[in-house]
Every structure is written in structure tokens, then in C-alpha cells.
1. Using a 1.4 angstrom probe with every protein chain in place, what is the largest-first accessible-area order of 9, 4?
2. Output wanted: per-residue J couplings in Hz (rounded whole) for the stretch 22-27, from phi through Karplus 6.51 cos²θ - 1.76 cosθ + 1.60, θ = phi - 60°, x for Gly and Pro.
3. Mind checking which of 16, 73, 85 has the largest fluctuation in a GNM of the chain, springs on alpha carbons under 10 Å?
4. Please check: in the Gaussian network model of the chain (C-alpha springs, under 10 Å), which one of 62, 97, 53 has the largest mean-square fluctuation.
5. Determine the per residue accessible area of the chain with all protein chains present and a 1.4 angstrom probe, expressed in square angstrom.
6. For volume of the Cα convex hull per residue in Å³, the listed values are [x] 137; [y] 191; [z] 118; which was obtained by calculation from the structure presented?
7. Report the charge-dipole magnitude of the stretch 30-71 in Debye, nearest 20, computed about the Cα centre from +1 at each Lys and Arg Cβ and -1 at each Asp and Glu Cβ.
8. Once phi is turned into θ = phi - 60°, what whole-Hz ³J(HN,Hα) does the Karplus curve with 6.51, -1.76 and 1.60 give for every residue of the stretch 46-60, x standing for Gly and Pro?
Amino acid sequence: MAASIGLRSDFDGAGLRRLAKATKDAAQSRRFLALAEIYDGGRRTDAARIGGVGLQTVRDWVLRFNARGPAGLIDGKALGNRPKLNAEHLKALAQIVESGPIPAIHGVVRWRLKDLAQ
């Protein structure tokens with residue numbers, strides 16, 4: 001079995017418990033407490049039990065904590081889907097909306113979302 005990944009040396013269990021108490025983010029607090037268990041000499045299995053996760057997730061937390069410190073244990077915002085319109089298309093759409101429809105060409109007297117989608 002491979003050796004476990006060590007934690008950074010500039011923190012300790014008591015310090016992480018203080019951070020867990022001070023934070024308003026419940027998920028980050030749970031992660032601090034799990035890592036504090038490791039700092040205090042506990043097994044990774046015990047840290048996983050405290051965090052309510054599996055061993056792989058604890059390993060991921062250790063990697064994130066080592067790389068970015070306490071901020072690495074905050075959930076990031078997902079990027080989401082790419083926009084369907086680029087800047088040029090958005091500018092053209094804004095110009096069409098601002099100029100309004102021409103009834104003889106567009107067949108409507110005011111824009112609806114359905115009309116703009118066509």
C-alpha cells in the first residue's frame with residue numbers, strides 16, 4: 001500500500017478546530033474537523049467518518065488544502081454551460097431589440113421571446 005499524502009506543516013489540529021468554529025460555511029467546517037483528526041494522529045478512516053465521506057474524498061481535501069490552504073476547502077462555483085451567443089451575437093441581438101420590429105418584414109408589432117428566437 002502506498003504512503004499517505006502528508007499535510008502542510010504550517011497548521012495543526014487545534015488551529016483547524018479554531019478555523020472550523022469561526023467559519024460560517026458548514027461544509028468547510030466539516031472538512032477542517034476531518035483534517036484536524038489527521039493532524040492529531042488519527043487514521044484517515046476516522047477522518048472520513050468525521051467528514052461523512054469516503055477515503056478518496058479525504059485525499060482530495062488533503063490535496064486541495066495543501067495547495068491552497070483553508071480557502072481550498074471552500075466549494076467553488078461550477079463553471080456551467082458555455083453561452084450560446086458570443087459578444088458579437090449579443091451586440092447584434094441588442095441592436096435588433098432596440099430598433100424594434102418592422103411589421104412588414106417581421107410580421108409582428110412588438111418583440112416576443114418566441115419572435116426573437118426565430
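1. My answer, sorted largest first, is 9, 4.
2. Coupling constants for the stretch 22-27: 7, 6, 9, 8, 5, 5 Hz.
3. Highest fluctuation among the options: 85.
4. 97
5. 74
6. The value matching this structure is [y].
7. 140
8. These are the phi-based 3J(HN,Hα) values: 5, 5, 5, 5, 4, x, x, 9, x, 5, 5, 5, 4, 4, 4 Hz.
The values are calculated or read from the model by the stated rules, or taken from the named source; none is laboratory data. In this text, all values refer to a predicted model and were calculated from it rather than measured experimentally. Cβ atoms come from the backbone with ideal geometry, glycine included; neighbour counts cover every protein chain shown. Just so you know, the surface numbers come from the protein's heavy atoms only, side chains and all, with ligands and any DNA or RNA stripped out. Shrake-Rupley method; radii C 1.70, N 1.55, O 1.52, S 1.80 Å.
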